[in-house]
1. If I filter segment 213-223 for residues that are out of contact with any strand residue (DSSP E or B) (no Cβ under 7 Å at 6 or more places or on another chain) and surrounded by fewer than 18 Cβ atoms within 10 Å (Cβ to Cβ), do I get at least one hit?
2. On the basis of being farther than 18 Å from Gly418 by Cβ, modelled with pLDDT of 95 or more and not in a strand (DSSP E or B), does Asn362 make the cut?
3. Among the residues of segment 137-157 satisfying the criterion of being in contact (Cβ under 8 Å) with a residue 60 or more places away in the chain and in a loop (DSSP other than H, G, I, E, B), which is nearest to Thr103 (Cα to Cα)?
4. Is there any pair linking a residue in segment 1-23 that is on the phi > 0 side of the Ramachandran plot to one that is surrounded by 15 or more Cβ atoms within 10 Å (Cβ to Cβ) and aliphatic (A, V, I, L, M), with Cβ under 6 Å and at least six apart or on different chains, and which?
5. Exactly one condition in (1) over 24 Å from the mean Cα position of the chain (by Cα); (2) part of a strand (DSSP E or B) is not met by Asn210; state its number.
6. So Pro96 clears everything in (1) within 18 Å of Cys223 (Cβ to Cβ); (2) in contact with a Pro (Cβ under 9 Å, 6 or more places away or on another chain) except one condition, right? Which one?
7. Would you check if there is a residue in segment 124-137 being closer than 17 Å to Pro408 by Cα, among the hydroxyl-bearing types (Ser, Thr, Tyr) and under 16 Å from the mean Cα position of the chain (by Cα)?
8. Could you identify the single residue in Glu276, Glu300, Glu354 that is assigned to a strand (DSSP E or B) and either on the phi > 0 side of the Ramachandran plot or surrounded by fewer than 22 Cβ atoms within 10 Å (Cβ to Cβ) (or both)?
Amino acid sequence: MIQIVVNNNKCQLDGPIKKLVAIHKAFKVRNPNAFYIKKMGNVQPGWDGMINYVSPTFAFKTGLFPKVVNYIEDELRENIDVVDMRDKLPVKPKFPKKVGNLTPFPYQEKAIKAAINNEVGGIHFPIGVQSMATNAGKTLIMAGIYLAYKRKIPAIVLINEADLYDQFKREIPELVGDDAGFVRGKEANWNKFTVVMVQTVSRNLSKYKNELSKFGMVLVDECDLGSSKSYTSILTKCYNANIRIGLSGSIYMEKLVKYKPKQMNLRSYFGNIIAEISKEEMQEAGYSTKIIIKVTKGNEKPGDKAEKDWKAEYDRLIVYNEKRTQKVIDRLSYNAKLKRLPALVVCRYRHHVELLHQAFQNQLGNKYSIAYAHGDVKNRKDIIKDFREGDIDILITSYIIKRGKNLPKTKLLINAAGSDSQSTVMQLMGRLERKDESKKKAYMEDFYDEGTYARRHSKHRVNYYKKEGMKLYEKYKN
């Protein structure tokens with residue numbers, strides 16, 4: 001028998017020492033920077049380069065409770081005695097049939113019920129991740145979870161995008177009424193259901209720490225960002241919140257070893273996925289725009305030269321490769337003739353954005369309105385707004401576009417950036433999924449590039465598209 005004492009933020013194991021040591025070892029993850037950390041000498045002698053998610057005293061963060069329970073039951077074949085030391089909730093949750101004047105869609109109902117009814121180890125455990133595809137209606141889901149507890153548990157909503165904040169400010173009062181509050185910049189209206197900008201609160205922790213301690217519920221949009229310093233600085237101050245729900249369409253996707261510490265850090269707070277709806281399901285049900293993806297040949301064969309690192313290869317074969325740039329322009333021209341505008345062209349780096357913009361202007365500037373935006377462009381918000389409203393035909397942009405931007409008129413996205421990240425590719429695809437009367441389908445173009453790193457990354461992206469069940473045309477094979 002292994003006992004787990006559950007508190008709001010920490011759990012404690014007790015039982016046979018051999019079993020506890022086995023759990024401790026099972027929850028070790030190698031630090032991907034261990035070599036450099038040791039070289040700098042900033043660790044105790046004998047450090048094994050591992051991160052201990054179950055401490056040597058057999059304590060762990062509460063978000064890992066489901067994962068620890070699964071390990072004990074499935075791997076150790078041991079019985080568990082759970083001692084719940086959390087404060088009793090003041091109300092028993094019940095699914096709200098109406099959220100404001102809206103009736104949740106079936107998948108939204110499922111998501112709300114998953115949050116309020118979740119059980120682990122025989123106890124009520126309202127901690128988990130909702131893996132929601134773009135356009136799933138996260139505002140309604142968050143409001144629904146709050147209303148399920150009959151407005152008795154104050155909730156804080158963390159977001160980090162100005163556009164999304166403005167969207168919440170429009171929609172949330174219609175869903176929760178006078179309970180809505182908002183904190184951004186100089187605006188600080190704390191209430192029973194408070195939407196806050198992470199950047200504002202993380203810079204003013206000492207000022208707002210008392211307010212943060214009052215919340216019993218934390219709801220986090222784009223929770224895959226939750227392991228960053230700005231987020232964790234806020235989350236640790238919400239120590240009285242035993243209801244913690246993260247929403248994201250791209251969390252826990254990355255399978256590479258280097259991402260494991262980040263994923264474990266997220267699990268330590270948000271726990272396991274408890275509800276999900278995929279892009280394919282959203283599209284098939286008619287909630288999102290159907291996307292057709294075409295992958296064509298990218299750069300030419302790279303030749304004999306082989307760079308020692310990814311960045312050098314990326315610059316030579318993708319950013320400063322004139323033939324590849326021409327292929328991006330050719331794909332845009334082809335789609336434009338089929339009236340697939342407005343179009344987004346996405347790059348990884350700012351200098352790549354500017355290079356492509358100049359090339360596009362030279363060849364297509366007399367036919368279409370073309371603009372670019374990245375982090376150094378001061379009027380980027382106005383540019384993105386003009387694109388959103390259909391006043392710009394082609395927008396060349398950096399990754400600033402990949403999250404939280406509602407661009408429903410976009411008919412075409414060209415991924416000129418490449419990327420080996422599944423979450424990045426899925427986020428980019430999300431820019432096309434918003435429904436709009438101007439389109440029935442949307443199109444995404446990608447490139448299969450050659451090179452030591454580029455080819456591997458291209459292959460991964462193709463696999464990501466297949467995994468998501470998208471209609472895919474592979475035009476790079478011959």
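The values are calculated or read from the model by the stated rules, or taken from the named source; none is laboratory data. All of these numbers come straight from a predicted model, not from anything done at the bench. All Cβ positions, glycine included, derive from the backbone under ideal geometry; neighbour counts span all protein chains shown.
1. Applying the first criterion (out of contact with any strand residue (DSSP E or B) (no Cβ under 7 Å at 6 or more places or on another chain)) to segment 213-223 yields 213-214.
Within this subset, residues satisfying the condition of being surrounded by fewer than 18 Cβ atoms within 10 Å (Cβ to Cβ) are 213-214.
Looking for residues that are out of contact with any strand residue (DSSP E or B) (no Cβ under 7 Å at 6 or more places or on another chain) and surrounded by fewer than 18 Cβ atoms within 10 Å (Cβ to Cβ), one finds at least one in segment 213-223, hence yes.
2. Values: farther than 18 Å from Gly418 by Cβ: yes; modelled with pLDDT of 95 or more: yes; not in a strand (DSSP E or B): yes.
Criteria met by Asn362.
3. Initially, segment 137-157 is screened for residues in contact (Cβ under 8 Å) with a residue 60 or more places away in the chain, giving 138, 141-142, 145-146, 149, 152-157.
Now drop any that are not in a loop (DSSP other than H, G, I, E, B), which leaves 149, 152-154.
Numbers: Tyr149: 17, Lys152: 21, Ile153: 22, Pro154: 23 Å.
In this case the residue turns out to be Tyr149.
4. Between residues of segment 1-23 that are on the phi > 0 side of the Ramachandran plot and residues that are surrounded by 15 or more Cβ atoms within 10 Å (Cβ to Cβ) and aliphatic (A, V, I, L, M), the close pairs are Gly15/Ile2.
5. (2)
6. (1)
7. Taking segment 124-137 and keeping what is closer than 17 Å to Pro408 by Cα, we get 133-137.
Those still in the list that are among the hydroxyl-bearing types (Ser, Thr, Tyr) too: 134.
From the residues that got through so far, the ones that are under 16 Å from the mean Cα position of the chain (by Cα) too are 134.
Yes, segment 124-137 contains at least one residue that is closer than 17 Å to Pro408 by Cα, among the hydroxyl-bearing types (Ser, Thr, Tyr) and under 16 Å from the mean Cα position of the chain (by Cα).
8. On the way: Glu300 fails: assigned to a strand (DSSP E or B); Glu354 fails: assigned to a strand (DSSP E or B).
It is Glu276.
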